[in-house]
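Written below as structure tokens is the structure these notes are about.
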Amino acid sequence: MPQDVYVDLLFLINFSMDYICLYITVKILHQKIRLSRMIVASVLGGAYSVAALFLPISPSVELALDGAVCILMCFISFAQKGRAITRVLLYGFLFVGVSMMLGGCMTAIFNLLSKIDLPLEDIFADSSSTYIFAILAAIAGIISLKSGQIISRRSAARKCHLEIAFCGKSFDFQGLCDSGNLVRDPISHKPVIFVDRSVLEKQLDLSFIDEYSKGILLPNSPCKNLRLIIISTASGRSTLVAALPQSVILVPDHPQKHSKEPIRITLDCLIAPTQIDKNPDEYNAIVPLEIVKEM
């Protein structure tokens, strides 16, 4: 049975949905993106939805095109100089998740209204479908945004910024608060923060750390406060060299409510230079989660 399709309305609906999803994604990520980028990406999504009607292709090819357009939209919106491609792809996965959540919320709300049997047709008269869509999109968008913000707020509490003064030098680290980091100095019982060795090596010669791990304390060592800690891992027991820095200041990624200034917390802890593999979250320090819980 033939069906009339209004391409202008189809473009407008898809443009609006894509823009809402991008907007929610940006808010969840706490990113600053130019409005023009979001508009161009949304126009691409709306134009593709119209063009797909006239493409005689198989469902598998159509699915591949859908994915390609989605990736292109994410690159238009989130790609920046110096930003890893993997991070842009992760943002793309979040964008897809938001789209699914938004569509699911709209379906659930529509089904709920149908069960209540409200006289929607009488309320909105001839333009019922357009108005109902707009209302459902607005409600679903608010639900998706608030849900994403709650998830983002919980995950953000696990991230922090570290300002460490060590051997007369200053270093900045992006920390991940990990419940698996339970290492403490057995003598002072101070918690140990693992920091990426490569960051320290940009300003320091860490040969004194390597020598101390062999039981040798160099007379010209820039740090005399070293500890040799025995730790248990999945591969067995090993030794770890930890050092006492001049200062460690922790700054949560997001300040507490009703606080305009970032929180700065001075920690009494040790640092352990080690190799931290590259990761999508771009952190280069592992902080004991208990430190954050005590804040």
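The values are calculated or read from the model by the stated rules, or taken from the named source; none is laboratory data. This one's a predicted model, so the numbers in the text were calculated from it and none came from an experiment. Positions of Cβ are backbone-derived with ideal geometry, glycine not excepted, and every protein chain shown enters the neighbour counts. All accessible areas refer to the heavy atoms of the entire protein, side chains included, with ligands and DNA or RNA removed. Shrake-Rupley method; radii C 1.70, N 1.55, O 1.52, S 1.80 Å.
Considering the range 85-103 alone, what residues qualify as being farther than 16 Å from TYR23 by Cα and without any contact (Cβ under 8 Å) to a residue 24 or more places away in the chain?
ILE85, LEU89
Restricting to the range 229-251, count the residues that are open to solvent by less than 80 Å² (accessible area, probe 1.4 Å) and outside any loop (DSSP other than H, G, I, E, B).
Residues that pass the stated criteria total 14.
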